[in-house]
Amino acid sequence: MSEYNYSLAELRLGETIIPCLIFTEREKGLLERLAESGYKVFFIRHSDEDWGEPVTIENYVRVNFYGFLAIKDENGVKTIEKLVPPNDSKAYLYLDEETNFLNLLGEVYSKAIPA
């Protein structure tokens, strides 16, 4: 079983807290492994000025890639998909005071993706 580097975090959307995994590297086979494990993956974009600060959650990011947001919680996925519809390549969720990550820079784990 492959091991990947990730952080445990929580995405805050107003009063809603969604548990998630954050991956900041594009590791070979990662997206496929997450899908097989039942995770929905969104991309995170950083700003032009600060590569260490995530600014949006999107369906796909090529430029200013910060990392991947992996969510297994079905209600959490539905909540985000209302704001970032899966078939809308231009949709994004802007991170601000009401929508942001909690515990983003927590401990980084190097192990298999949790089931």
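The values are calculated or read from the model by the stated rules, or taken from the named source; none is laboratory data. Since the model is a prediction, treat every value here as computed from it, not as a measurement. Counting neighbours? That spans all protein chains shown, and the Cβs are built from the backbone with ideal geometry, glycine included.
Annotations
- Among the candidates T79, T24, T99, the residue that is touching a helix residue (DSSP H, G or I) at 6+ places or on another chain (Cβ under 9 Å) and either surrounded by 15 or more Cβ atoms within 10 Å (Cβ to Cβ) or polar (S, T, N, Q) (or both) is uniquely T99.
- In the range 1-28, the qualifying residues are those that are of a type outside the set (G, A, S) and not in a strand (DSSP E or B), and the one that is modelled with the lowest pLDDT is M1.
- The residues of the range 47-95 that are in a strand (DSSP E or B) and of a type in the set (F, W, Y), listed by number, are F65, Y66, F68, Y92, Y94.
- Residue check, Y60 touching a strand residue (DSSP E or B) at 6+ places or on another chain (Cβ under 8 Å), surrounded by 15 or more Cβ atoms within 10 Å (Cβ to Cβ), among the aromatic types (F, W, Y) and over 18 Å from N100 (Cα atoms): no
- Boolean, V84 is surrounded by 12 or more Cβ atoms within 10 Å (Cβ to Cβ), over 21 Å from I113 (Cα atoms), hydrophobic (A, V, I, L, M, F, W, C) and in contact (Cβ under 8 Å) with a residue 12 or more places away in the chain: yes
- Options S47, S37: the member that is within 23 Å of D88 (Cα to Cα) and either of a type in the set (S, T, N, Q) or at pLDDT 95 or above (or both): S47
- Residues satisfying the stated conditions in the range 56-115, i.e. of a type in the set (G, A, S), modelled with pLDDT of 90 or more and under 22 Å from E36 (Cα atoms): G67, A70, G76
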